[in-house]
Amino acid sequence: MIQESEYKKRRDTLGKKLSNNSIGVIFSAEYTTRSHDTQHPYRQNSNFYYLTGFKEDNAALVFIKKKKSVKTALFVQKKDELLELWTGERLGKKEAKKRFLVDMVYVNDDFKKRFKEFIKDKNSLYCDLNSKSGDVKKILKLTKNFEIKEDIIKLIRKMRLIKSLSEIELIKESVAITAKAHERAMKLDKRGKYEYELQAEIEHEFKKSAAYSDAYTSIVACGNSANTLHYIKNDQPLNDGELVLIDAGCEHNYYASDITRTIPIDGKFSQPQKELYNLVLETQLAVIDMIKPGVMRTHLQEAAEEMLTKGMIALGILKGDYKRLIKEKKHKKYYPHGIGHWMGIDVHDPAPYRDAKNREIPLKEGMVLTIEPGLYIDKNDKTVPKKYRGIGIRIEDDILVTREGCENLSSHIVKKVQEIEALANFYS
Ligand code: GLY
Ligand code: MN
Ligand code: MN
């Protein structure tokens, strides 16, 4: 759980970064239409949530910076008995004032009036120019002569790069639920079922554990479907003798997990599947072993590409001189994606990878990233030995960078061939 004092600390940190005599505004997310008059479940804007922990829509957070002092104002929806009957309780101004450690709380009907007061004697504005909120246009109109400063979102994203201890706890909780889901998938007798049935088993664990939902649409890809990197149709049969790639993670208390396991439908890896699988696994373990403060993600990427390329040469998938293959990026055909990404409130946490001078940011204690090498051999690729065709494998874990090295937050989700086979004890 994140205390109100931590949200306040984040607002204080951001407030200090704003220039003197400026205004900063960030809006809550809006509902999005699913079709006609139905809406997707509401999810708060990640940056707004990071600064407030407030889950309601129609809200705004304003920073008013005069000289060096910063005041914060939160705008909330007013109480409305009739609307609350339909859509649920609102916190309201009075309770919001009690809960949030902001300087002022107003109802959002007063936004324009208050905003006009705030901007007196100010000369610059920080706001999310990409926000879908219609209010952005309104505030830009009111601040026509203002200098539009560095996007406030950029400043928040930088702060989100390093996770606090309470954030790490929440990520661990999210991973723990996802671990149960993958374990359920491994134990399940999958023979004769469809990908969506397996997806339902996984998401059952998410929902059962009070997780908000999936942090991204689950990928349940059997056989050759796994070679489509973001396959989400999940409508094909689970065929005996094939592998299923499951890339699924829940979001719990607004923190994501992002885990991939690739497991045999009938509980046993074939020899060619095992050869490819172990190459990906050894690569993943070696890359995780390299993680410590000071290391660059690019080096992790290169190490993965080198290991996978050497392994593919040994298996007869790639032919030729190792250095030349790497130079000509021949491995990209079979391993086309990155080694991993930041993870936090968003599954692809949008914290920066490069600094203001475009230098790569080295790993630091408190960062959380995924490590997810893979190999994808299309069923129609005639240049590859037949036994490997139609197999797609990815193994993905969530890693915390620590002072000395790293902690694999999902290491308890089994991934060795023998461990996976032992869990799938339905085959005989
Ligand atoms: N689940 C998408 C990814 O692994 O990045
Ligand atoms: Mn990922
Ligand atoms: Mn993933």
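Each value in this text was obtained by applying a stated rule to the coordinates, not by laboratory testing. The model shown is predicted, which means the values in this text are computed figures rather than measured ones. All Cβ positions, even for glycine, are placed from backbone atoms using ideal geometry, and neighbour counts span all protein chains on display.
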In 10 Å bins starting at 0, how do the alpha-carbon pair distances of the stretch 147-297 split up by percent? 11, 31, 33, 18, 6, 1, 0
Two-site label geometry, His40 and Asn21: point separation in nm, points 7 Å out along Cα→Cβ: 4.1
Simple label model, 7 Å out from Cα along Cβ direction - Ser270 to Leu83, nm: 5.9
Work out the length of the dipole vector of the chain about its Cα centre, built from +1 on the beta-carbon of each Lys and Arg and -1 on the beta-carbon of each Asp and Glu, and round it to the nearest 20 debye. 2040
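Exposure proxy check: Ser225, Ser257, Ser69, Ser410 ranked by fewest other beta carbons within 10 Å? Could the numbers behind the result be given before it?
Working: Ser225 21, Ser257 31, Ser69 9, Ser410 25.
Placing the least packed residue first, the sequence is Ser69, Ser225, Ser410, Ser257.
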Arrange Arg394, Arg157, Arg184 by Cβ neighbour counts within 10 Å, fewest through most, would you? Arg184, Arg157, Arg394
How compact is the stretch 161-233 by the rule of thumb for globular proteins, expressed as Cα Rg over 2.2 N^0.38 Å? 1.26
Under Karplus coefficients 6.51, -1.76 and 1.60, residue-wise ³J(HN,Hα) of the stretch 167-180 in Hz, glycine/proline x: 5, 4, 4, 5, 5, 4, 5, 5, 4, 4, 5, 5, 4, 5
Computed over the chain, the relative contact order (Cα-Cα under 8 Å, seq sep at least six) in percent reads 14
Would you calculate the convex hull of the Cα atoms in the stretch 224-361 and tell me its volume per residue in Å³? 151
Relative contact order for the stretch 1-157: what is it in percent, counting Cα pairs under 8 Å that are at least 6 residues apart? 26
Spin-label point model (7 Å from Cα, Cβ direction): what's the Lys323 to Ala200 distance in nm? 5.7
For Ala29, other-chain or 5+-apart residues with amide H closer than 5 Å (H placed, Pro excluded) are Asn45
Please compute, over every Cα-Cα pair in the chain, the percentage with a separation greater than 32 angstrom. 45
Considering the convex hull of the alpha carbon atoms of the stretch 14-54, report its projected area averaged over all viewing directions, in nm², one decimal. 3.9
Note, the stretch 291-300: 3J(HN,Hα) by Karplus (6.51, -1.76, 1.60, θ = phi - 60°), whole Hz, Gly/Pro = x, goes 6, 6, x, x, 6, 8, 4, 4, 5, 5
Can you tell me the mean projection area, over all orientations, of the convex hull of the stretch 193-262's alpha carbons? Units nm², please. 4.3
Hey, what angle do you get for helix 4-17 against the long axis of the chain, alpha-carbon based, 0 to 90 degrees rounded to 10? 80
For Asp240, the residues 5 or more places away or on another chain with a placed amide H closer than 5 Å to its own amide H are Gly192
So what is the calculated 222 nm ellipticity per residue for the chain, using -39500 (n - 2.57) for each DSSP H run with n of 4 or more, over all residues, to the nearest 500 deg cm²/dmol? -10500 deg cm²/dmol
From zero up to wherever the largest Cα-Cα distance of the stretch 92-135 sits, split into 10 Å bins and tell me the percent of pairs in each. 21, 42, 35, 2
Once amide H atoms are built 1.01 Å from N in the peptide plane, which residues 5 or more positions from Ile399, or in another chain, come under 5 Å H to H? Leu369, Thr370, Ile371, Leu409
The stretch 328-427: spread of alpha-carbon positions along the three principal axes, whole Å, largest first, is 48, 40, 24
Out of all Cα-Cα pairs in the stretch 78-173, roughly what percent, to the nearest whole number, are more than 15 Å apart? 75
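Which whole-number percent gives the relative contact order of the stretch 211-305, counting Cα pairs below 8 Å spaced six or more residues apart?
Once divided by the residue count of the stretch 211-305, the mean separation gives 23 percent.
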Of the DSSP beta bridges with both residues in the chain, give the percent that are antiparallel, rounding to the nearest 5. 80
Area projected by the alpha carbon convex hull of the stretch 1-131, averaged over all directions, nm²: 8.9
